[in-house]
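Quick notes on the structure that follows.
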Amino acid sequence: MANINKIDGNAFRQIMAAASSYLADNKERVDSLNVFPVPDGDTGTNMSLTFQSAVAELAKVGSNKVGDLTQALARGALMGARGNSGVILSQLLRGFAQEADAKETLDGISLAKCLSGASKMAYRAVIKPVEGTILTVAREAGEASLRASREKNDAYYVLKRFVTAARISLDNTPNMLPVLKEAGVVDAGGAGYLIIWEGVLKYLDGDLTTLEDQKSDQKASFAGVLSDESIQFRYCTEFIIQGENIPQDNLRDYLLNLGDSLIVVGDGDLVKVHVHTNNPGLALEKAVKYGELFKIKIENMVEQNKDAVSSGKASWNTELGAVAFKSAQKAEVEQEIGIVAIAAGDGISEIINSLGADRIVSGGQTMNPSTADILEAVEDCPAKSVIILPNNKNIIATAKQVPDVTNKKVYVIESRSIPQGIKALLSYDPDMGVEDNFQNMSQALKEVKTGEVTFAVRDTTMNGIQIGQQDIIGLSEGKIQAVGKDVSEVVKDLVSKIVDENSAILTLYYGADVTEEEATLLVEELEKQYPDLEVEAYSGNQPLYYYLISVE
């Protein structure tokens, strides 16, 4: 299989499935490369979920032209993009697809152009490209693939040289970014991108099999066309479980016997599930034993594809590189402006809802929502214009994909934290137009300082500070500002570095692992320490982060 010199449609389907499987198997390794040793390092998870969404689109394409398949791959990645890493990956796949265009197959030369074109598109999509990241890995490996194609017009040869160059480039990223060297890691996004193409190479070398290969117990063939009938599991089933100490391993083992394309992610109290199965009822019956179910979605993938094609409900805009959805006929629009906000934690969601958010998308420090998740909320919002509050720096890029895939006017306020999002909501004026509200709410972000208190997941050194695994750490303005063994002491240390002579209000949002009594006691201590400050505490019930801190 290693002697393949051209990649046709069937081969492309298979190698992408293999790459998705390999990335899913290695996502935790990529997650661990996060520069900050926080528990929500999710680069690998976001890339894996994004790529799985991309590969799922291939099953909906009847054509076997590589060009058509790469367009589907880019389309799926756009809608499934999660976090900054997922958005950049979607742009890499978009650039790959543009170079593939209408090609039937990819030889060495055309594959190299696709790999190089992927890098160029990603660079154009990033406002301020930073070297030593996934961009560098993609560019240097793409350049190596072009050189290889001039030596030998062979797809396998080009791919092997590409992977070798990507490894070398990735190993060099700490020498380009001091923060990586200090943390003792390579770039996580670059590692994820390398793993995708390593998976392809391993599959061609016979060192990797996909789930479909294992079930059929036969080697993949580069012949035949994937049809609707070849989809073994028809129902795409998704839901969220909210409970206590949800046994994810037990749930995962059970669902593996029901189907494939399984994703089980989250913490002990909030778990998101995605599975392709012929028995969605059995999946739900098992899940409901562990807690309440939310956002249940079951779709017949075969019928969905037929309906979309026949009714023209979706089309690929080649100029934008985006899927353009035609809004279904809805009830009369109720308002001019709607607000969609992203939030994690019941308490945080209730606060944001009470301040005027029309729709709330679950996500934040963990479980970053996809483009499709945010788009669904925008389309469901009863308004002509919609303002999105991402409330997390890693969701901003995903939110910015939404305006290109809806007919509504969408404005993205670059809120990087929950306190910033709350401040923006407090600045909303229903008597003003959307443009003025966008300007005022964006300006309001500058009036609040944010702190976060969580725990370290590994030993490391940051900004000259020695950090041990399980140490309590306080972050503000993108830096670790406090480290200790006691949550309350770290909060007080962090607050002392955020508060200044202009501060008037200190607000604490305590998480799921903090009791009301603990938060009340901390407030009393802070009131004594800062008698001129108004100190408040609210239950946010957010996962992983003991406290979110707002200073105004």
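Going through GLU104, GLU140, GLU131 one at a time, which residue ends up being of a type in the set (Asp, Glu), outside any helix (DSSP H, G or I) and under 25 Å from the mean Cα position of the chain (by Cα)?
GLU131
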When the residues of the stretch 454-466 are narrowed to those that are within 14 Å of PRO39 (Cα to Cα) and not in a loop (DSSP other than H, G, I, E, B), which ends up modelled with the lowest pLDDT?
THR460
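Would you check if ALA155 is touching a residue at least 60 places away in the same chain (Cβ under 8 Å) and either of a type in the set (Phe, Trp, Tyr) or not assigned by TED's automatic domain parsing to the domain that holds LYS479 (or both)?
Yes.
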Is there a residue in the stretch 29-44 that is of a type in the set (A, V, I, L, M) and over 30 Å from SER476 (Cβ atoms)?
no
Of all residues being in contact with a helix residue (DSSP H, G or I) (Cβ under 6 Å, 6 or more places away or on another chain) and in a loop (DSSP other than H, G, I, E, B) in the stretch 187-216, which is modelled with the highest pLDDT? Just the residue, please.
ASP187
Across the stretch 39-58, the tally of residues that are in contact with a strand residue (DSSP E or B) (Cβ under 9 Å, 6 or more places away or on another chain) and surrounded by 20 or more Cβ atoms within 10 Å (Cβ to Cβ) stands at 12
If you check GLY95 against the conditions, is it surrounded by 20 or more Cβ atoms within 10 Å (Cβ to Cβ), in contact (Cβ under 8 Å) with a residue 40 or more places away in the chain, closer than 30 Å to LEU180 by Cα and not β-branched (Val, Ile, Thr)?
no
Does VAL523 satisfy the criteria of being buried (at least 20 other Cβ atoms within 10 Å of the Cβ), at pLDDT 95 or above, farther than 19 Å from LYS423 by Cα and not assigned by TED's automatic domain parsing to the domain that holds SER417?
no
Can you confirm whether GLY345 is in contact with a Pro (Cβ under 6 Å, 6 or more places away or on another chain), at pLDDT below 90 and either crowded, with 24+ Cβ neighbours inside 10 Å or within 16 Å of LYS409 (Cβ to Cβ) (or both)?
no
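Tally the residues that are in contact with a Ser or Thr (Cβ under 6 Å, 6 or more places away or on another chain), surrounded by fewer than 22 Cβ atoms within 10 Å (Cβ to Cβ) and in a loop (DSSP other than H, G, I, E, B), restricting the search to the stretch 403-420. It would help to see each step written out before you state the result.
Our first condition is that a residue be in contact with a Ser or Thr (Cβ under 6 Å, 6 or more places away or on another chain); within the stretch 403-420, this holds for 407, 409, 413, 417, 419.
Add one more test, that the residue is surrounded by fewer than 22 Cβ atoms within 10 Å (Cβ to Cβ), and what stays is 407, 409.
Filter once more, keeping what is in a loop (DSSP other than H, G, I, E, B): 407.
Final tally of qualifying residues: 1.
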Would you mind stating whether GLY356 is surrounded by fewer than 20 Cβ atoms within 10 Å (Cβ to Cβ) and at positive phi?
yes
For the stretch 430-478, the count of residues that are touching a residue at least 24 places away in the same chain (Cβ under 8 Å), closer than 19 Å to GLN542 by Cα and among the small types (Gly, Ala, Ser) equals 3
Qualifying position, being in a helix (DSSP H, G or I), of a type in the set (Val, Ile, Thr), over 25 Å from the mean Cα position of the chain (by Cα) and modelled with pLDDT of 95 or more, among THR173, THR164:
THR164
Do the conditions hold for LEU426, that is, is it within 25 Å of ASP346 (Cβ to Cβ), hydrophobic (A, V, I, L, M, F, W, C) and at pLDDT 95 or above?
no
Which is in contact (Cβ under 8 Å) with a residue 40 or more places away in the chain, of a type outside the set (Ser, Thr, Tyr), closer than 21 Å to ALA188 by Cα and touching an Asp or Glu at 6+ places or on another chain (Cβ under 6 Å), of GLY44, GLY80?
GLY44
Can you pull out every residue in the stretch 399-421 that is β-branched (Val, Ile, Thr), touching a residue at least 60 places away in the same chain (Cβ under 8 Å) and more than 13 Å from ALA341 (Cβ to Cβ)?
VAL405, THR406
Looking for something in contact with a Cys (Cβ under 9 Å, 6 or more places away or on another chain), not small (Gly, Ala, Ser) and not assigned by TED's automatic domain parsing to the domain that holds HIS274 - is there at least one such residue anywhere in the stretch 19-28?
no
Can you name the condition, by its number, that ARG458 falls short on among (1) assigned by TED's automatic domain parsing to the domain that holds TYR545; (2) crowded, with 23+ Cβ neighbours inside 10 Å?
(2)
So for the stretch 468-490 (the condition being touching a helix residue (DSSP H, G or I) at 6+ places or on another chain (Cβ under 9 Å), more than 30 Å from SER32 (Cβ to Cβ) and in a helix (DSSP H, G or I)), does at least one residue qualify?
no
Please list, ordered by first then second residue, the pairs with beta carbon atoms under 7 Å, 6 or more apart or interchain, first in the stretch 169-183 and in the same structural domain as GLU131 (by TED's automatic domain parsing) and surrounded by fewer than 16 Cβ atoms within 10 Å (Cβ to Cβ), second hydroxyl-bearing (Ser, Thr, Tyr) and assigned to a helix (DSSP H, G or I).
MET176/THR136
Test each condition in (1) modelled with pLDDT under 95; (2) within 26 Å of the chain's Cα centre (by Cα) for LYS219 and report the one that comes out false.
(2)
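The values are calculated or read from the model by the stated rules, or taken from the named source; none is laboratory data. Computed from a predicted structure; not experimentally measured. Note that each Cβ is placed from the backbone with ideal geometry, even for glycine, and that neighbours are counted across all protein chains shown.
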